[in-house]
Amino acid sequence: MRLVKHRELRDRGIILEEEFSLQGISEDLARIYLSYETRFQNLFRRYAEINGLNNICFFIIDSNSCNASATNREGFNIISITNGFPILIENSFKEEFFTRLVLVGLINNQSTSEAYADLYQNPHLSIKTFMLECSVRFTFFHEFRHILQFNSLKSPSKGGSYSEHLDKSKFSLTRHAREFDADRIASFEVLKYVFSIHRNLSARSDEKFICLLLFGVASIVITINLFYFGIINQMVVIDKAGSKIRAKAHPFYTEKYSHPHPLSRIVNILDYFRSCANDDFPRLKIEPQSVLNNVLGICKLYFESISKECGDLIQILCDELKASVDAINLYNDKLYAQAISDKAIRRLLIRSGTKFDSGGILA
């Protein structure tokens, strides 16, 4: 397994994006960027070796937008994030968000709310660090799944490139299905991480586990919204006259654009995350409505801690969810069927031990 430098790929003409430079920035900012670079590289090294991949490269793109991408080209496997991603994630999780959650008792269960208060006061656990790590792991494993999808093709040298940027000029049901698959796999990896954190607590309980699960999946939903809106500062734009112009969320759509609508992605993730949690830990008996209410509530408080206008945008998504839930479920069923029939995804599922019946349906 070889870790390739950005400049080698630039010299070969494989990538065109400029690499973000640490020159001229403060020590504190440099420390944040180096921390994210190290975390992504360590994850990439480990899972590339497990999956027999070679010629891997991770780098940070010089761009203030919030984006991540996966590329396979000429035998090189490349994952990148923009320099906007670490800063937006780090700066957006403000302390008032976490303290407010303690005060409002968000989770609709007294024992679980008390569990959150205990976790928040635990000197050996930072909820902020925990949610940041969930975001990093979801982002990495989503992009790494795309890398595996590319390498699972019969002609992996042809490769491809997917990013989290919403491209309105492109639509492919195959692309939507592969995003659907990548979201599920990345969500399951976050679930595994949540379990490891709970297992290492000195005082464990089902209530604390449920609380960590809710915050883990909420961090995923927050991350998807950060990618969806591109950059937090563009959610509310100040024009030259000093007036506020609120960015608009796209109305719900199905077979359009490069990615499924974020509501389709969110529902897919919540359903899969809850289903996997209940399968692995049946005693928890996590209810779908409870997950939906609490995760969206956590997300709304999170975006309100940034600005009122950001909170309003999340409310728009919540209202759109209520109006479009049937269409969302129908489209996700279609993406599920497309995913398990996609040759690249199917090979990965078989390799992981997934069983299919004689009709080619998941057993």
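Every number here is computed from the coordinates shown, using simple stated rules; none is lab data. Please read these numbers as outputs of a predicted model, since none were measured by experiment. Note: ideal-geometry Cβ built from the backbone for every residue, glycine included; neighbour counts use all protein chains shown.
Structural remarks
- When each of the peptides 340-349, 79-88 is scored by how many other beta carbons lie within 10 Å of its residues on average, the order from highest to lowest is 79-88, 340-349.
- Exposed GluC sites (Glu not before Pro) absent - longest run of the chain, DSSP non-H/G/I/E/B, at most 14 other C-beta within 10 Å: 75-254
- Estimated translational D of the stretch 35-166 in µm²/s (Stokes, Kirkwood radius over Cα pairs; 20 °C; 1.002 mPa s): 128
- Alpha-carbon Debye profile of the stretch 92-351, log10 I(q)/I(0) at 0.10, 0.11, 0.14 Å⁻¹: -0.51, -0.62, -1.00
- Ellipticity estimate at 222 nm from DSSP helix runs (n ≥ 4, -39,500 (n - 2.57)) divided over the chain, nearest 500: -20500 deg cm²/dmol
- Cα-Cα over 26 Å, subset of K208/K285; K5/K128; K168/K334; K94/K170: K5/K128; K94/K170
- Magnitude of the charge dipole, the stretch 92-351, Cβ model with Lys/Arg +1 and Asp/Glu -1, debye to 20: 840
- The stretch 110-165 versus the stretch 63-80: alpha-carbon centroid distance in Å: 16
- GNM on the chain, alpha-carbon springs under 10 angstrom: the most fluctuating residue among H146, H165, H176 is H165.
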